[in-house]
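Novice: Mind looking over this structure? Questions follow.
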Amino acid sequence: MNPLATGVWKAVYARHPDLPKCLPAMCEAKWTFMLFGPGICVVCGKYGALTDFSLRKQYCEPCMKENYATTQQLKDSADRVVSADHLVTSMVPRTFRYHGLRYTTSYVTPANAKYLRKDFNDMMKKVTVMQLLIDHGVPMLRGLFEDYKNRLISQNQNMEWFADKANDWANRVFSQCSTEMDLALVTVTAKCKKRLKDIGHNIVDINYVQYAISQSLRGAQIYKLAYRTFRKIRPKLEALVTSQKIIRIKNERRQLLKTRYRQYQQALIPDAWQYQPPENFFREAGAFSNFLNAEYVTRGDISRELTDSLFPGLVEEWTKKRKLEILSLLPEVDTEQPFEKQIQKLDLATSVITCNDCKYMNQEGRVLLGWKNICRHARRTVGGNLNPCSGSEVVEPVAVVAATSLICCAGLDPRTTTIQDMDSRDDRFFCGNCIPDTSNGVTGLKAYKWTECLDLFASMSMLTLEPRCQYGGVIYVPRTMEVP
C-alpha cells in the first residue's frame, strides 16, 4: 500500500490485461484489495463481504439490507416519496446488486436501482439548499450548480461503465470457482462412496444418501480426501448410510408381508376380497412385531404357512374393531349388549354414515349403508387421491332424518326396518320440491329409489345452506302402482 510501489502495481495491471481496469480516481493498490482482499464489511467489520464496484465499498448481507434503499424507500426534502427520475438519483452512485452473497444483479431499470441512504440524503440536502439559493437570486450560482451537476452525472456514468466490467469479471471468476468446487465435490463424494462400499455397506443405501453425503462434505469444507480427513468424517457418513439401511429393511419387510397378504387373499372366494382389511393393517398387529422389529441386518423371511395361519384371526380382530368404531358413531347403542346384538344396529336403514374424507368430491362417499358398503368404500381409491380414504366416517344427520321420513312413508317402523327390507320393496319416491324435467318428450318428476333419495338430500345439504330438495316434500309411490 506504500505510495512508492505505485509503479509496481501499474506494471502488474499492464501485464494482466484480463483483469478489470482500475476505477478512475482510485490507486491500483486499493483496487487490488477490493478485487482480491479478504472482504471486510465497512460497517460491522465482519469477513465475507463482497465488493460493490458501483459504490466502491464492501457490505455484508445484513448491512447491505440496512444501508441500501430503492427510490420507493427514500423521501425528498418535503417528505414525499422520491420518483425514479428525480434529479438526485443521477447525481449519486447507484447499484443494481440485490444480494450480498453473490455478484448477480437485477435488471438495469430505474425502479431496480439502489442507493446508499446516507449518500442520497446528504445529496438531497445539498441540492435543496442550492435550489433555494438559486430561487432567491444568488448571482452566478445557477451556472456553478449546472456545472457541478453535469460533472457528477458524467462521473457516475463513467464509474458505472467500469463497475459493470469489474462485476462481469467477478461473476466469471465466481462461476469458475463454483464449477471447480462442484467438480471437486463430485470427485470426493465418489471416493467416499467407494470407501463406504469397501467397508461393507450396501451400494443401494449409499446411492440413496449420495446427496446427503455431498452436503455433509460441503458443510465440512472437504474437497480433497486424505485418510485423516476420511477418518474424521466417516462416523457421520456411516450414520447416514445405516439410517437408510434401516429404512430400506423396514420397507422390504413390509413389502414381504403385503405379498404374503395378497397370496392369502387369492385363496379366498372372489366375493370375500372386497371385505378384507387394507394391505397395511398388519402394521398395528402385534403378531408380526418380532419380524418387523428384528435386528436390521438383513430382511429375513417369513413363511407363507405361518402368515396364512395368522391372517384369519387378525382379519377377524380388525373387522370387529372397525365395526365397534362405526357403532360408536351411532346414537342409542347399548354397549352392555353382546357384540352380535350390537352389530344389528348397522343393518338398520336409519344408520346412514358418510365418509368425511371424500364426501365433498365423491358422490359415492356421501351415503354409506351397512357394513359391506362401508368396507367396499374404504378399499376404493377416490379420483384425485393416491390412497384410499383413511376411514374417517361420521353420521349424516340429514340423510338419517330423510331415511326416517321415507320409511314412515312406506308404512314401516324406523326402529326395526333394515336395509334389506327397504331394498326388497323396491319402492319409488318423488320429490315434491324438485322442478319437472323433460326426457324423450315426456315432462314429469324423476322417480328415485330410497337410496337415491338419501343421496339427493345429503348432496343438496352439502352444496347449499338451505337445500331446495327437502325430505318433507316426498311423495311415496308403492311398487304396485308402477307402470310396467
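Let's see how each residue does on (1) more than 30 Å from A403 (Cα to Cα); (2) in contact with a helix residue (DSSP H, G or I) (Cβ under 6 Å, 6 or more places away or on another chain); (3) at pLDDT below 90:
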{"residue": "E284", "(1), (2), (3)": "yes, no, yes"}
{"residue": "L292", "(1), (2), (3)": "yes, yes, yes"}
{"residue": "E332", "(1), (2), (3)": "no, no, yes"}
{"residue": "F339", "(1), (2), (3)": "no, no, yes"}
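Novice: Just checking, how many residues over region 43-74 are farther than 22 Å from T89 by Cβ and assigned to a strand (DSSP E or B)?
Specialist: Result for region 43-74: 4.
Novice: On to the next question. Only one of these conditions is not met by W318: (1) under 15 Å from R254 (Cα atoms); (2) modelled with pLDDT of 85 or more. Which number is it?
Specialist: (1)
Novice: For the condition more than 23 Å from Y115 (Cβ to Cβ), surrounded by 13 or more Cβ atoms within 10 Å (Cβ to Cβ) and either out of contact with any Cys (no Cβ under 9 Å at 6 or more places or on another chain) or not polar (S, T, N, Q) (or both), what is the one hit in Y59, Y13?
Specialist: Details: Y59 fails: more than 23 Å from Y115 (Cβ to Cβ).
Only one candidate qualifies: Y13.
Novice: Moving on. Name every residue in region 404-417 that is of a type in the set (A, V, I, L, M, F, W, C) and either farther than 22 Å from K372 by Cβ or buried (at least 18 other Cβ atoms within 10 Å of the Cβ) (or both), in order of residue number.
Specialist: L406, I407, C408, C409, A410
Novice: Please give the helices (runs of 4 or more DSSP H) falling wholly within region 111-208 in which 1 or more residues are closer than 30 Å to Y98 by Cβ, among the small types (G, A, S) and without any contact (Cβ under 8 Å) to a residue 40 or more places away in the chain.
Specialist: 141-199
Novice: Only one residue in A190, A226, A220 is over 30 Å from R379 (Cβ atoms), of a type in the set (A, V, I, L, M, F, W, C) and modelled with pLDDT of 95 or more, so which one is that?
Specialist: The unique qualifying residue is A190.
Novice: Being in contact with a helix residue (DSSP H, G or I) (Cβ under 7 Å, 6 or more places away or on another chain) and among the small types (G, A, S) is the filter; apply it to region 165-221 and report the residue that is farthest from W31 (Cα to Cα).
Specialist: Here the answer is A212.
Every residue, every condition in (1) surrounded by 15 or more Cβ atoms within 10 Å (Cβ to Cβ); (2) among the aromatic types (F, W, Y); (3) in contact (Cβ under 8 Å) with a residue 24 or more places away in the chain; (4) in contact with a strand residue (DSSP E or B) (Cβ under 6 Å, 6 or more places away or on another chain), yes or no:
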| position | (1), (2), (3), (4) |
| --- | --- |
| I419 | yes, no, yes, yes |
| M422 | yes, no, yes, no |
| D427 | yes, no, yes, no |
| G432 | no, no, yes, yes |
| I435 | no, no, no, no |
| T438 | no, no, no, no |
| Y448 | yes, yes, no, yes |
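A quick yes/no check of all residues on (1) more than 37 Å from the chain's Cα centre (by Cα); (2) surrounded by 12 or more Cβ atoms within 10 Å (Cβ to Cβ); (3) in a loop (DSSP other than H, G, I, E, B):
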residue: A294; (1), (2), (3): no, yes, yes
residue: I302; (1), (2), (3): yes, yes, yes
residue: T307; (1), (2), (3): yes, yes, no
residue: L310; (1), (2), (3): yes, yes, no
residue: E317; (1), (2), (3): yes, yes, no
residue: L324; (1), (2), (3): no, yes, no
residue: P331; (1), (2), (3): yes, no, yes
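Novice: Please determine, by comparing only the residues of region 252-266 that are more than 19 Å from C375 (Cβ to Cβ) and not charged (D, E, K, R), which one is surrounded by the most Cβ atoms within 10 Å (Cβ to Cβ).
Specialist: This residue is L257.
Novice: Testing I269 on (1) surrounded by 11 or more Cβ atoms within 10 Å (Cβ to Cβ); (2) among the β-branched types (V, I, T); (3) free of Cβ contacts under 8 Å to residues at least 60 places away in the same chain, one condition comes back false. Which one is that?
Specialist: Of the numbered conditions (1) surrounded by 11 or more Cβ atoms within 10 Å (Cβ to Cβ); (2) among the β-branched types (V, I, T); (3) free of Cβ contacts under 8 Å to residues at least 60 places away in the same chain, the odd one out for I269 is (1).
Novice: Follow-up question, since we're still on this one. For region 436-458, enumerate the residues that are among the β-branched types (V, I, T) and over 21 Å from Q363 (Cα atoms).
Specialist: From region 436-458, those among the β-branched types (V, I, T) are 438, 442-443, 451; that's our starting set.
Correct list: T438, V442, T443.
Novice: Within region 62-89, which residues are surrounded by fewer than 17 Cβ atoms within 10 Å (Cβ to Cβ), among the hydroxyl-bearing types (S, T, Y) and under 18 Å from E160 (Cβ atoms)?
Specialist: The one that is surrounded by fewer than 17 Cβ atoms within 10 Å (Cβ to Cβ), among the hydroxyl-bearing types (S, T, Y) and under 18 Å from E160 (Cβ atoms): T70.
Novice: Just to be sure, is V42 more than 18 Å from F174 (Cα to Cα) and out of contact with any Phe, Trp or Tyr (no Cβ under 9 Å at 6 or more places or on another chain)?
Specialist: Details: more than 18 Å from F174 (Cα to Cα): yes; out of contact with any Phe, Trp or Tyr (no Cβ under 9 Å at 6 or more places or on another chain): no.
The answer is no for V42.
Novice: Of everything in region 333-347 that's free of Cβ contacts under 8 Å to residues at least 12 places away in the same chain and assigned to a helix (DSSP H, G or I), which residue is nearest to P397 (Cα to Cα)?
Specialist: Start the filter on region 333-347 by keeping residues that are free of Cβ contacts under 8 Å to residues at least 12 places away in the same chain, which leaves 334-338, 340-341, 344.
Retained after the next criterion (residues that are assigned to a helix (DSSP H, G or I)): 340-341, 344.
Working: E340: 25, K341: 24, Q344: 20 Å.
Among those residues, the one meeting the criterion is Q344.
Residues checked against (1) closer than 23 Å to M159 by Cα; (2) under 43 Å from the mean Cα position of the chain (by Cα); (3) modelled with pLDDT under 90:
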{"site": "A5", "(1), (2), (3)": "no, no, yes"}
{"site": "A29", "(1), (2), (3)": "yes, no, yes"}
{"site": "F33", "(1), (2), (3)": "yes, no, yes"}
{"site": "F36", "(1), (2), (3)": "yes, yes, yes"}
{"site": "G39", "(1), (2), (3)": "yes, yes, yes"}
{"site": "K57", "(1), (2), (3)": "yes, yes, no"}
{"site": "E66", "(1), (2), (3)": "no, yes, no"}
{"site": "D79", "(1), (2), (3)": "no, yes, yes"}
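Novice: May I ask you to verify whether Q244 is in contact (Cβ under 8 Å) with a residue 12 or more places away in the chain, surrounded by 14 or more Cβ atoms within 10 Å (Cβ to Cβ) and outside any helix (DSSP H, G or I)?
Specialist: It is false that Q244 is in contact (Cβ under 8 Å) with a residue 12 or more places away in the chain, surrounded by 14 or more Cβ atoms within 10 Å (Cβ to Cβ) and outside any helix (DSSP H, G or I).
Novice: Given the options T443, T418, name the one that is modelled with pLDDT of 85 or more and among the polar types (S, T, N, Q).
Specialist: T418
Novice: A follow-up question, please. Residue check, N251 against (1) in contact with a helix residue (DSSP H, G or I) (Cβ under 6 Å, 6 or more places away or on another chain); (2) in a helix (DSSP H, G or I), all met but one. Which one?
Specialist: If we test N251 against (1) in contact with a helix residue (DSSP H, G or I) (Cβ under 6 Å, 6 or more places away or on another chain); (2) in a helix (DSSP H, G or I), just (1) comes out false.
The values are calculated or read from the model by the stated rules, or taken from the named source; none is laboratory data. Just so you know, these numbers come straight off a predicted model, no measurement behind them. Using ideal geometry, Cβ is built from the backbone for each residue, glycine included, and neighbour counts are taken over all protein chains shown.
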